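Inspection log for the structure reproduced underneath, given as structure tokens.
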Amino acid sequence: MKIAPKLSVIFLIEKSETSSDGLAPIYMRLTIEGKRREISLGTRINPLHWDTRKGRLSSKSKDAAKVNSMLVQILALIERHYLLLSVKYKSVSAEMLKKVYQGKFIADSSYEQEVIPSKTILEAFDIYIARYKEKVKSKKRSVRTLQKWNAVRIKTKEFLLSVFKQNDLPLKSVKTPYLEDFYHYLITKDKLKHNSAAKYTNIIKQLIRFSVGRWIDAYPLIGYSCGYISPARTYLTMFELNKLIKQVICKRLDAVRDCFLFSCFTGLAYEELFSLSSGDIVFDKGRKWLKIRRRKTGSLQDVPLLPVAEDILSKYENDQECVASSKLLPVISNQKYNQYLNELANVAGISKRITTHTARHTFATNVTLENGVPIESVSKMLGHKSLRMTQIYAKITRKKLSEDIDILCDRLFYKNGTLKESGESISKIKIINNPLRIVHLSL
């Protein structure tokens, strides 16, 4: 089995060493660039139960699960030893790998040992951020994520000065106590809320993973977790959306309202809304679709253009500002956008605090899920990588669930609450997903 470009590992039994009780030892053969070394694993089995092709004990043996699990663990250990040796030495031989597996010290200078260069925490940040900037330039990653990394670097420097009284620390100093102290500093000195502090510590964890094999031997934060607490997600009801649409407002807020409503009926986040262009619209299956790759995750968001969204795009087809910037909508900066949205909510008499992301939540809950669109379809339209992410929105809304239960009750019970007789209606029970009920709202 090839587990690295130059390394192959196979497990085999040595029948010539079969003992009087009929058991033969299992050996591991390491092959690197044609040179082999074999290691006895200290375990004997019945040769009749050995699967030569798979290199595993067949299920016929009562010890199959135990022995095969041991082989998988040994394989993972060999791979780990090989990777670490590859970082430290110019070349790795089968003999070196055998010695390390057996716990023997490698002291031969002929192996041309290379010392892993040391780095500090902030130096590692600078290298990672520089690489990330290149990805942003090639439009492979989000500018906002880059801003987060820069923010965490600043917080890290402040933390080092405040707690350690130093401008920097060796990267090898970052262990679980370091992250615990960093989290404590963020929530006590900086007054950050738990989720913000958790995101900062998770970025440090990403940095350490990036550093493994480059400047540190192994990942030192196994077992450390700073869980995310799911916040209450604000979304607008259809009544509130209509209030927003019908409200007479000034031209400055009108453009913000259009952008917000477009997101409410497409589920686009700010990044995708800001960069939306004519190339993101395709015609397929008799309708227009938005096909856009999310900056945050790289996943494809595939959304049909509902009438409201089409009307908004039509409104800005010949807008001078949009034409000049090759954009479909007059989207302003995120900060100004959120500021104007709160002003817009106050004018329309909506008591909720709304942000650019409220529109995405509205699309997920009120526009789609509550109107019977299956959660799998909603997940695809939101560009989620897993259904688990979409289920967050499914927990919010109860309207659709209530409607489905009403249908179930009508089929199971009479009006007085008595259970209908068997066969009368139970065999016909079927909860029907209502089609998307979106009224064409005039702007």
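The values are calculated or read from the model by the stated rules, or taken from the named source; none is laboratory data. Quick caveat: nothing in here was measured; it's all calculated off a predicted structure. So basically every Cβ, Gly included, is an ideal-geometry build from the backbone, and we count neighbours across all protein chains shown.
Suppose the filter is surrounded by 15 or more Cβ atoms within 10 Å (Cβ to Cβ), assigned to a helix (DSSP H, G or I) and free of Cβ contacts under 8 Å to residues at least 60 places away in the same chain; does Met70 pass it?
Against the criterion (surrounded by 15 or more Cβ atoms within 10 Å (Cβ to Cβ), assigned to a helix (DSSP H, G or I) and free of Cβ contacts under 8 Å to residues at least 60 places away in the same chain), Met70 qualifies.
Would you mention how many residues in the stretch 82-98 are assigned to a helix (DSSP H, G or I) and at pLDDT 85 or above? Before you say what the answer is, go through the steps one by one.
Quick first cut of the stretch 82-98, residues assigned to a helix (DSSP H, G or I) only: 82-88, 94-98.
Still in the list and also at pLDDT 85 or above: 82, 94-98.
Final tally of qualifying residues: 6.
Of all residues in the stretch 318-333 being within 30 Å of the chain's Cα centre (by Cα), without any contact (Cβ under 8 Å) to a residue 60 or more places away in the chain and more than 22 Å from Gly286 (Cα to Cα), which is surrounded by the fewest Cβ atoms within 10 Å (Cβ to Cβ)?
Result: Ser333.
Among the listed residues Glu317, Glu310, Glu343, identify the single one that is part of a loop (DSSP other than H, G, I, E, B) and either of a type in the set (Gly, Ala, Ser) or under 17 Å from Leu261 (Cβ atoms) (or both). I'd like the intermediate steps shown before the answer.
On the way: Glu310 fails: part of a loop (DSSP other than H, G, I, E, B); Glu343 fails: part of a loop (DSSP other than H, G, I, E, B).
Answer to the check: Glu317.
Considering only residues of the stretch 156-172 that are under 21 Å from Ala218 (Cβ atoms) and surrounded by 15 or more Cβ atoms within 10 Å (Cβ to Cβ), which is farthest from the chain's Cα centre (by Cα)?
If we filter the stretch 156-172 for residues that are under 21 Å from Ala218 (Cβ atoms), which is where we start, we get 169-172.
After this cut, where a residue has to be surrounded by 15 or more Cβ atoms within 10 Å (Cβ to Cβ) as well, the list is 169, 171-172.
On the way: Leu169: 30, Leu171: 25, Lys172: 27 Å.
Looking at residues that are under 21 Å from Ala218 (Cβ atoms) and surrounded by 15 or more Cβ atoms within 10 Å (Cβ to Cβ), I get Leu169.
What number of residues within the stretch 154-182 satisfy the criterion of being hydrophobic (A, V, I, L, M, F, W, C) and farther than 18 Å from Ala198 by Cβ? Reasoning before the result, please.
Kept after step one, since they are hydrophobic (A, V, I, L, M, F, W, C), are these residues of the stretch 154-182: 154, 159-161, 163-164, 169, 171, 174, 179, 182.
Checking the rest, the ones that are also farther than 18 Å from Ala198 by Cβ come to 160-161, 163-164, 169, 171.
Count: 6.
Is it fair to say Met28 is out of contact with any Cys (no Cβ under 7 Å at 6 or more places or on another chain) and at pLDDT below 85?
no
Just give me the residues in the stretch 255-305 being touching a Pro at 6+ places or on another chain (Cβ under 6 Å) and outside any helix (DSSP H, G or I), in sequence order.
Filtering the stretch 255-305 down to residues touching a Pro at 6+ places or on another chain (Cβ under 6 Å) leaves 255, 287, 289.
Arg287, Trp289 - these are the residues of the stretch 255-305 that are touching a Pro at 6+ places or on another chain (Cβ under 6 Å) and outside any helix (DSSP H, G or I).
Check whether at least one residue in the stretch 20-29 is exposed (fewer than 14 other Cβ atoms within 10 Å of the Cβ), among the small types (Gly, Ala, Ser), free of Cβ contacts under 8 Å to residues at least 60 places away in the same chain and within 28 Å of Met96 (Cβ to Cβ), and report yes or no. Before the answer, list the steps.
Step one: of the stretch 20-29, the residues exposed (fewer than 14 other Cβ atoms within 10 Å of the Cβ) are 20-22.
Next cut, among the small types (Gly, Ala, Ser) only: 20, 22.
Among the residues that remain, those that are also free of Cβ contacts under 8 Å to residues at least 60 places away in the same chain are: 20, 22.
Restricting the remaining residues to those that are within 28 Å of Met96 (Cβ to Cβ) gives none.
No.
Mind telling me which of the residues Lys315, Lys291, Lys285, Lys336 ends up being under 22 Å from the mean Cα position of the chain (by Cα) and either of a type outside the set (Gly, Ala, Ser) or surrounded by fewer than 16 Cβ atoms within 10 Å (Cβ to Cβ) (or both)?
Lys291
Go through the stretch 173-183 residue by residue and tally those that are of a type outside the set (Asp, Glu) and surrounded by 13 or more Cβ atoms within 10 Å (Cβ to Cβ). Break it down stepwise before answering.
Applying the first criterion (of a type outside the set (Asp, Glu)) to the stretch 173-183 yields 173-179, 182-183.
Okay, now just the ones that are also surrounded by 13 or more Cβ atoms within 10 Å (Cβ to Cβ), so 173-174, 178-179, 182-183.
Qualifying residue count for the region: 6.
For a quick check of your reading of the model, give me the residue pairs whose first member lies in the stretch 185-205 and is outside the structural domain of Phe125 (by TED's automatic domain parsing) and of a type outside the set (Phe, Trp, Tyr), whose second is modelled with pLDDT of 95 or more and surrounded by 14 or more Cβ atoms within 10 Å (Cβ to Cβ), with beta-carbon atoms closer than 8 Å and at least 6 apart or on different chains.
none
Among the candidates Leu273, Leu221, Leu300, single out the residue that is closer than 21 Å to His361 by Cβ and crowded, with 16+ Cβ neighbours inside 10 Å. Talk me through it step by step, then tell me what you get.
On the way: Leu221 fails: closer than 21 Å to His361 by Cβ; Leu300 fails: crowded, with 16+ Cβ neighbours inside 10 Å.
That would be Leu273, the only listed residue that is closer than 21 Å to His361 by Cβ and crowded, with 16+ Cβ neighbours inside 10 Å.
Is there a residue in the stretch 111-132 that is modelled with pLDDT under 90, over 34 Å from the mean Cα position of the chain (by Cα) and more than 27 Å from Leu169 (Cβ to Cβ)?
yes
Please indicate, with yes or no, whether at least one residue in the stretch 242-251 is outside the structural domain of Leu169 (by TED's automatic domain parsing), part of a helix (DSSP H, G or I), among the aliphatic types (A, V, I, L, M) and out of contact with any His (no Cβ under 8 Å at 6 or more places or on another chain). First the steps, then the outcome.
The initial filter retains those residues of the stretch 242-251 that are outside the structural domain of Leu169 (by TED's automatic domain parsing), namely 242-251.
From what's left, part of a helix (DSSP H, G or I): 242-246, 251.
Adding the requirement that they be among the aliphatic types (A, V, I, L, M) leaves 244-245.
With the extra rule that they be out of contact with any His (no Cβ under 8 Å at 6 or more places or on another chain), the set shrinks to 244-245.
Yes, the stretch 242-251 has at least one match.
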